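Structure record follows, encoded as structure tokens.
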Amino acid sequence: MTTAVKTTRIEATDLSDRAFRVLCELATHPRNHWVDVPSIASGLKVKPHAVRRALAELRAAGVAERDRRFIRDNGRATHRTYFRLTNDSSEASA
């Protein structure tokens, strides 16, 4: 019995250089590992704003997903945003 696996294929021309670099940075983390924007930015030595724009591009292409977690920080409610490759894209890159 065979199981069909849906994979997402992205051509190199479909992504900007910045988005491709962020994709490669996300691929260096273990499968299903959530990574925050400051960690990605420090790994690539770029500003967090540049990473956020690239992540928006990756999310639009369907290869990255976002998780916003609300936390209490010194009595103040705030959120942290984490990203990871979608299951389809992480299986394709593995």
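The values are calculated or read from the model by the stated rules, or taken from the named source; none is laboratory data. It should be emphasised that the depicted structure is a prediction, and the values quoted were computed from it without experimental measurement. Please note: Cβ atoms are built from the backbone with ideal geometry, for glycine as well, and neighbour counts cover all protein chains shown.
For residues that are out of contact with any Phe, Trp or Tyr (no Cβ under 9 Å at 6 or more places or on another chain), small (G, A, S) and more than 15 Å from C24 (Cα to Cα), tally how many sit in the range 63-91.
To start, the set of residues in the range 63-91 that are out of contact with any Phe, Trp or Tyr (no Cβ under 9 Å at 6 or more places or on another chain) comprises 63, 70-76, 81, 85-91.
From what is left, the residues that are small (G, A, S) are 75, 89-90.
So of that shortlist, the ones also more than 15 Å from C24 (Cα to Cα) come out as 75.
Total meeting the criteria: 1.
Please count how many residues of the range 13-36 are modelled with pLDDT under 90 and closer than 14 Å to A54 by Cα.
2
I'd like to know if the range 69-81 contains one or more residues that are in contact with a Leu (Cβ under 9 Å, 6 or more places away or on another chain) and of a type in the set (A, V, I, L, M, F, W, C).
For the range 69-81, residues in contact with a Leu (Cβ under 9 Å, 6 or more places away or on another chain) and of a type in the set (A, V, I, L, M, F, W, C): absent.
Scan the range 80-90 for residues that are within 13 Å of the chain's Cα centre (by Cα) and either among the aromatic types (F, W, Y) or outside any helix (DSSP H, G or I) (or both) and jot them down.
The first filter runs over the range 80-90 and keeps only residues within 13 Å of the chain's Cα centre (by Cα), leaving 81-90.
The answer is T81, Y82, F83, R84, L85, T86.
Can you work out which of the residues in the range 32-79 that are in contact (Cβ under 8 Å) with a residue 40 or more places away in the chain and in a helix (DSSP H, G or I) is farthest from D17 (Cα to Cα)? Full working, then the answer.
As a first pass, look at the range 32-79 and keep what is in contact (Cβ under 8 Å) with a residue 40 or more places away in the chain: 32-37, 40, 57-58, 61-64.
Adding the requirement that they be in a helix (DSSP H, G or I) leaves 37, 40, 57-58, 61.
On the way: V37: 17, I40: 15, E57: 11, L58: 12, A61: 14 Å.
My answer is V37.
Of all residues in the range 18-51, which are surrounded by 12 or more Cβ atoms within 10 Å (Cβ to Cβ) and β-branched (V, I, T)?
V22, V35, V37, I40, V46, V51
Quick one: I40 ticks every box in (1) over 13 Å from the mean Cα position of the chain (by Cα); (2) at pLDDT 95 or above bar one, so which box is it?
Tallying (1) over 13 Å from the mean Cα position of the chain (by Cα); (2) at pLDDT 95 or above, I40 fails exactly one: (1).
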